[in-house]
Amino acid sequence: MQRKSRDRFHRSLAVTGTVAVAVAVGGCGAVGGSGTGHAARTSRAAAPKGGSGGVPHAADVAAWRRWGLTPLRTAPQPPADKPVKLSATGTVPVLTHIPTSQKVVFVTVDDGQEKDPEFIKMMRDLKIPITMFLMNDAVKSDYAYFKRLQALGNHIQNHTLHHPVMSSLPLARQQEEVCGDQKILTKEYGTAPLLFRPPYGAYDSNTRTAVGECGPRAIVWWREAMQIRNMQYQTADKKLRDGDIILAHFRGPSELKGHTMTQMFANMLRRIQQQGFAVARLEDYIQPPAG
């Protein structure tokens, strides 16, 4: 599917998909059950310094200035009692946000077509946590690129083999997409993905069945989507809220009208900063099934 048609489909789902997610998100507080072998525990490799609202270290300020930015407020420590608790059994919940009173948002980056080495430098300098939902067709040309981002403390999650509209497929084909990506990502990156994001946000009851059978224990949606300079909101007031999940993509100049991945990401950080939020790591607010 061409990128323009993908974007048109994505925009339509931003309206229609919200209804389905609003019903499903009520299951996100399920109590953990028996073990699954997932290794998505609290990350410390790229943890920010200090507490919420702390003064950035001078070296951090200099690093941000290299990218034309000023540091965001420092993220608070994640709660010991995770606001989302996943179960090893039962229907997987759908998350559009994380229930928290902390002034934090979560950045997720999808697909994997663009592999800009400057973005790795940017993440190393800024220490902004991201969650990567990787699609095998996009990443298989250079699995090592994402290992470098993973080494900074960032988690890799499931986004199908081929990026289909999942709700248009029968259960068996959906299982192929999710289980196939799960197997490859686990082999390449050493950890079984805990989370799944359906391409275009499109899912149905078969998707939830396939996800549960293939290993991930939650479907992750979003409330804002980063474009080139600004975010696309699903709320009329166009404001971030505590615990919002933001969608971005690994895209380059050919898809960003001449802008680079780092320029797009810098614009997103400016929008987050303008509203006074810190960026926290999504997996630090989710408790995997016990075991």
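The values are calculated or read from the model by the stated rules, or taken from the named source; none is laboratory data. Predicted, not measured: the structure shown is a model, and the values here were computed from it. Every residue, glycine as well, gets a Cβ built from its backbone with ideal geometry; the counts of neighbours run over all protein chains shown. Protein only, heavy atoms only, side chains kept; ligands, DNA and RNA dropped before computing areas. Shrake-Rupley method; radii C 1.70, N 1.55, O 1.52, S 1.80 Å.
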Query raised in the report: Expressed as a whole percentage, what fraction of the accessible surface of the range 160-201 belongs to carbon and sulfur atoms when a 1.4 Å probe is rolled over the protein heavy atoms?
Result: 59 percent
Requested in this report: Roll a 1.4 angstrom probe over the protein heavy atoms and tell me the percent of accessible area of the range 225-279 that is carbon or sulfur.
Outcome: 45 percent
Query raised in the report: Tell me, what is the per residue accessible area of the range 203-291 in Å², probe radius 1.4 Å?
Result: 36 Å²
Report summary line: Violations at 18 Å Cα threshold for listed pairs K147/K187; K85/K147; K121/K183 -> K85/K147; K121/K183
Query raised in the report: DSSP beta bridges in the range 98-249, what fraction antiparallel, as a percent rounded to 5?
Result: 15 percent
Requested in this report: Please give the per residue accessible area of the range 69-120, computed with a probe of 1.4 Å over protein heavy atoms only, in Å².
Outcome: 35 Å²
Report summary line: Per residue, the convex hull enclosing the Cα atoms of the range 99-174 spans a volume in Å³ of 119 Å³
Query raised in the report: Cα gyration tensor of the range 77-129, axes a ≥ b ≥ c as square roots of the eigenvalues: rounded (a/c below 1.5), prolate (a/b > b/c) or oblate?
Result: oblate
Requested in this report: May I ask for the equivalent-ellipsoid semi-axes of the range 216-281, computed as the square root of five times each C-alpha gyration tensor eigenvalue and listed largest first in whole Å?
Outcome: 20, 16, 12
Query raised in the report: Going by average Cβ neighbours within 10 Å, how do the peptides 100-107, 250-257 rank, with the highest at the top?
Result: 100-107, 250-257
